[in-house]
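Engineer: Below are the structure tokens for one structure; questions will follow.
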Amino acid sequence: MTVPAIQIEDLTKDYPAGFLNTKKKRSLESLTMQVEEGEAFGFLGPNGAGKSTTMKLLMGIIFPTSGSAKILGRPISDVEMHKDIGYLPEQPYFYDYLTASELLDYFARFYGFSAAERKARVEKMLKKVGLETAGKIQLRKYSKGMLQRVGLAQAILHQPKVVILDEPMSGLDPIGRREVRDIILELKRDGRTILFSTHILTDAEMLCDRVGVIVGGKLQGVGRPDEIVGLKAQGMEILFEADTGNAKTAAILAKAAKSGSRYALHVPEESLYLTLDELKAAGAKITSVAQIKPTLEEYFMHLVEKDRAQAAAIEVHGK
Amino acid sequence: MSRILSVALNTFREAVRDRVLYNLVFFALLMMVAAVFVGQISLGIESTIIVSLGLSAISIIGLLIAVFIGVGLVSKEMEKRTLYALLAKPVRRWEFLVGKFGGLVLTLTVNTMAMAAGLFLALLFVKHSFEASDATILIAVYFILLKIAIVVSLALLFSCFTSPLLAILFTAGLYVAGLFIHEMRNLSGSKVSPAVQAFFSWISYILPNFENFNVMAAAAHGKAVPGILILQNTAYAAIYCAIVLAAASVVFSRRNLK
Ligand SMILES: Nc1ncnc2c1ncn2[C@@H]1O[C@H](COP(=O)(O)OP(=O)(O)O)[C@@H](O)[C@H]1O
Ligand SMILES: [Mg+2]
């Protein structure tokens, strides 16, 4: 049994709030979860759910109110373990008086690489994130998307075993998103452990071995993307074309939804054949029969609705 | 050690790129005007005026940079969130602090050396030659640097737990208070109560004591400074900075970044 790459136990974070910081606002509530070695784990949740808080706790940028966490079997307070970790902060911002090459070279120094090695790595990373022509431009002139790319480059510069990415796709155009997706897939192929947060479900569906859904500071569920979706009761969807003038079809058509020349009918699995028979009798032309799978998005919305009161509170505090 | 050095060198690079050293232009102009002007009046005290003026300017410019840049060293990185990526590297918070301190002290050393060179040029212009006693000017410059280092450490400490504006006020306040150490220790005989006297005498040992750092008069008149004073001041500044930086590290290491 190998140790999990990231092991979080009962992690709780309160932020001071209110007049003169006399009150406390719980942003993360007893989070317990694990990310296995070599796994790509998607941390899903709406804005203000506590995703960034969790990642900042893991990186020692803020400190937990209670609970603990280990990365690669070592407590998060152990800064030396950062040798094996890469972190992309949310909406990253870097020293604007440096160029991208200078910044990466500066960061590379903390890993003890030789000058030649630093140079080679910096070049390679700039190329990887598509900034090879912008390496000599000061970061103050960078767009948000370019900063995001630099952020990704500095996170994977030292080939870390564990990569923690806070909203890696935000601020990017469709091409940028695609490139970042490819980089994450490559990291995955290399066997690195990836924890990334997003509020965009398709990204998570495409990249993750497992996802954890967090709302209002509480973890609502963890599982494989398809597993999580499979949790909900399913039904069948029948698409058909039919004659509106037919008296026999009228009863069925009343239940169906019309889109263009077609009708769609949702029925429970057990009454599928009965309905098909009825449609056949009415002379309808059946074009497709398919299982209804709720998307991750629907599951997500379902959880968010469940937690609506809390979500509303988050909106007030959120940006 | 190499981590601290990396942070320090980057801090120096930042100061250079943010044009901190441009103050040298102002100093150069001041020295040129003074040299020409003093050369005109020629009362036999030209070099005294040049040295006093030059050392005062070196001290004031250095202190201003120490306070204003010193307070921003850490708070700017917290404010702009540039610290997030850096602290994710294998670097401890105290190493970052010490590196920042070292970087600004390095910047100020370069800056002060350049100003001292300017002062000697101005002196050469009015006197046409140097004497051995002019070496005291170098000692005065060195003491100013020690003083500046202490001020940087204080600015750093305050910026670790208050807003930049308050940190500037506190640092400046402590510096000014440090100029009145002598008075605080000699309150006896005045009308204040013994409790207040005890308080001030106690506090006078916490405040930075710059009494022995001012050898401007000796430098201006070409008098020698005892070697033991150099040793004593160096030790005082080193210990004072170490204690203040240790305190700053304790505060900063517990701080939740925003
Ligand atoms: N520095 C802070 N001070 C006070 N509250 C904060 C701070 N940072 C985050 N929060 C609050 O904590 C909650 C979680 O925030 P965050 O972790 O950033 O969410 P997410 O990354 O999932 O969007 C939010 O309600 C947010 O307002
Ligand atoms: Mg976030």
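Engineer: What's the total number of residues in segment B:81-95 that are open to solvent by less than 60 Å² (accessible area, probe 1.4 Å), of a type in the set (Lys, Arg) and outside any helix (DSSP H, G or I)?
Structural biologist: Matching residues across segment B:81-95 total 1.
Engineer: Also: Could you grab me the full set of residues in segment B:145-166 that are buried (at least 20 other Cβ atoms within 10 Å of the Cβ) and not in a helix (DSSP H, G or I)?
Structural biologist: Once the filter is applied, which keeps residues that are buried (at least 20 other Cβ atoms within 10 Å of the Cβ) and not in a helix (DSSP H, G or I), segment B:145-166 yields only B:Cys160.
Engineer: Examine segment B:204-211 for a residue that is more than 30 Å from B:Leu87 (Cα to Cα), open to solvent by 40 Å² or more (accessible area, probe 1.4 Å) and not in a loop (DSSP other than H, G, I, E, B), and state whether such a residue exists.
Structural biologist: Scanning segment B:204-211 turns up at least one residue that is more than 30 Å from B:Leu87 (Cα to Cα), open to solvent by 40 Å² or more (accessible area, probe 1.4 Å) and not in a loop (DSSP other than H, G, I, E, B).
Engineer: Oh, and also: Could you please find all residues in segment B:1-23 being open to solvent by less than 60 Å² (accessible area, probe 1.4 Å), farther than 12 Å from B:Val91 by Cα and within 11 Å of chain A (Cβ to nearest Cβ)?
Structural biologist: Once the filter is applied, which keeps residues that are open to solvent by less than 60 Å² (accessible area, probe 1.4 Å), farther than 12 Å from B:Val91 by Cα and within 11 Å of chain A (Cβ to nearest Cβ), segment B:1-23 yields B:Asn10, B:Thr11, B:Glu14, B:Ala15.
Engineer: Which of the residues belonging to segment A:66-94 are within 16 Å of ligand 1 (Cβ to nearest atom), at the interface with chain B (Cβ under 10 Å from one of its Cβ atoms) and either in contact with a Lys or Arg (Cβ under 6 Å, 6 or more places away or on another chain) or not aromatic (Phe, Trp, Tyr) (or both)?
Structural biologist: If the condition is that a residue be within 16 Å of ligand 1 (Cβ to nearest atom), at the interface with chain B (Cβ under 10 Å from one of its Cβ atoms) and either in contact with a Lys or Arg (Cβ under 6 Å, 6 or more places away or on another chain) or not aromatic (Phe, Trp, Tyr) (or both), then A:Leu88, A:Pro89, A:Glu90, A:Gln91, A:Pro92, A:Tyr93 are the ones that fit.
Engineer: While we're looking at this one, here's another question. Filter segment B:221-254 for residues that are under 30 Å from B:Ala132 (Cα atoms) and of a type in the set (Gly, Ala, Ser); which is most open to solvent (accessible area, probe 1.4 Å)?
Structural biologist: Filtering segment B:221-254 for residues that are under 30 Å from B:Ala132 (Cα atoms) and of a type in the set (Gly, Ala, Ser), the one most open to solvent (accessible area, probe 1.4 Å) comes out as B:Ala224.
Engineer: Sticking with this structure for a sec: I'm trying to understand the selection: among the residues of segment A:50-74, which are closer than 16 Å to A:Leu195 by Cα and within 16 Å of ligand 2 (Cβ to nearest atom)?
Structural biologist: Result: A:Gly50, A:Lys51, A:Ser52, A:Thr53, A:Thr54, A:Met55, A:Lys56, A:Leu57, A:Leu58, A:Met59.
Engineer: Given (1) more than 21 Å from the chain's Cα centre (by Cα); (2) not in a loop (DSSP other than H, G, I, E, B), identify the lone condition not met by B:Tyr142.
Structural biologist: (1)
Each row is one residue, and each column tells you yes or no for (1) crowded, with 19+ Cβ neighbours inside 10 Å; (2) under 15 Å from the mean Cα position of the chain (by Cα); (3) free of Cβ contacts under 8 Å to residues at least 12 places away in the same chain.
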residue: B:Ile168; (1), (2), (3): yes, yes, no
residue: B:Leu179; (1), (2), (3): no, yes, no
residue: B:Glu183; (1), (2), (3): no, no, yes
residue: B:Ser201; (1), (2), (3): no, no, no
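Engineer: I'd like to check something: does segment A:7-21 contain any residue that is acidic (Asp, Glu) and within 16 Å of ligand 1 (Cβ to nearest atom)?
Structural biologist: yes
Engineer: Considering only residues that are open to solvent by 40 Å² or more (accessible area, probe 1.4 Å) and either in contact (Cβ under 8 Å) with a residue 40 or more places away in the chain or outside the structural domain of A:Gln34 (by TED's automatic domain parsing) (or both), which ones fall in segment A:147-170?
Structural biologist: Result: A:Lys161, single match.
Engineer: Now for a different question. Considering only residues that are buried (at least 17 other Cβ atoms within 10 Å of the Cβ) and either of a type in the set (A, V, I, L, M) or modelled with pLDDT of 95 or more (or both), which ones fall in segment B:25-49?
Structural biologist: Answer for segment B:25-49, where residues must be buried (at least 17 other Cβ atoms within 10 Å of the Cβ) and either of a type in the set (A, V, I, L, M) or modelled with pLDDT of 95 or more (or both): B:Leu30, B:Met31, B:Ala34, B:Ala35, B:Val38, B:Ile49.
Engineer: For segment A:27-65, how many residues are within 14 Å of ligand 1 (Cβ to nearest atom) and either open to solvent by less than 20 Å² (accessible area, probe 1.4 Å) or within 23 Å of B:Phe252 (Cα to Cα) (or both)?
Structural biologist: Total meeting the criteria: 23.
Engineer: If you go through segment B:50-63, how many residues are touching a residue at least 40 places away in the same chain (Cβ under 8 Å) and open to solvent by 60 Å² or more (accessible area, probe 1.4 Å)?
Structural biologist: 0
Engineer: Would you point out which residue out of A:Lys83, A:Lys70 is under 27 Å from the mean Cα position of the chain (by Cα), surrounded by fewer than 19 Cβ atoms within 10 Å (Cβ to Cβ) and at negative phi?
Structural biologist: From the options A:Lys83, A:Lys70, the qualifying one is A:Lys83.
Engineer: Would you be able to say whether some residue in segment A:171-185 is within 16 Å of ligand 2 (Cβ to nearest atom), at pLDDT below 90 and either away from chain B (no Cβ under 14 Å) or farther than 15 Å from B:Ala88 by Cβ (or both)?
Structural biologist: Yes, there is a match, as at least one residue in segment A:171-185 is within 16 Å of ligand 2 (Cβ to nearest atom), at pLDDT below 90 and either away from chain B (no Cβ under 14 Å) or farther than 15 Å from B:Ala88 by Cβ (or both).
Engineer: To continue, here is another question. Select from segment A:186-201 the residues that are in contact (Cβ under 8 Å) with a residue 60 or more places away in the chain and either within 16 Å of ligand 2 (Cβ to nearest atom) or among the polar types (S, T, N, Q) (or both) and write down the one among them that is surrounded by the most Cβ atoms within 10 Å (Cβ to Cβ).
Structural biologist: Checked segment A:186-201; the qualifying residue surrounded by the most Cβ atoms within 10 Å (Cβ to Cβ) is A:Leu195.
The values are calculated or read from the model by the stated rules, or taken from the named source; none is laboratory data. Source: prediction; values computed, not measured. Here the Cβ is made from the backbone with ideal geometry for all residues, glycine too, and neighbour counts use every protein chain on show. Surface accessibility is based on the protein's heavy atoms, side chains included, excluding ligands, DNA and RNA. Shrake-Rupley method; radii C 1.70, N 1.55, O 1.52, S 1.80 Å.
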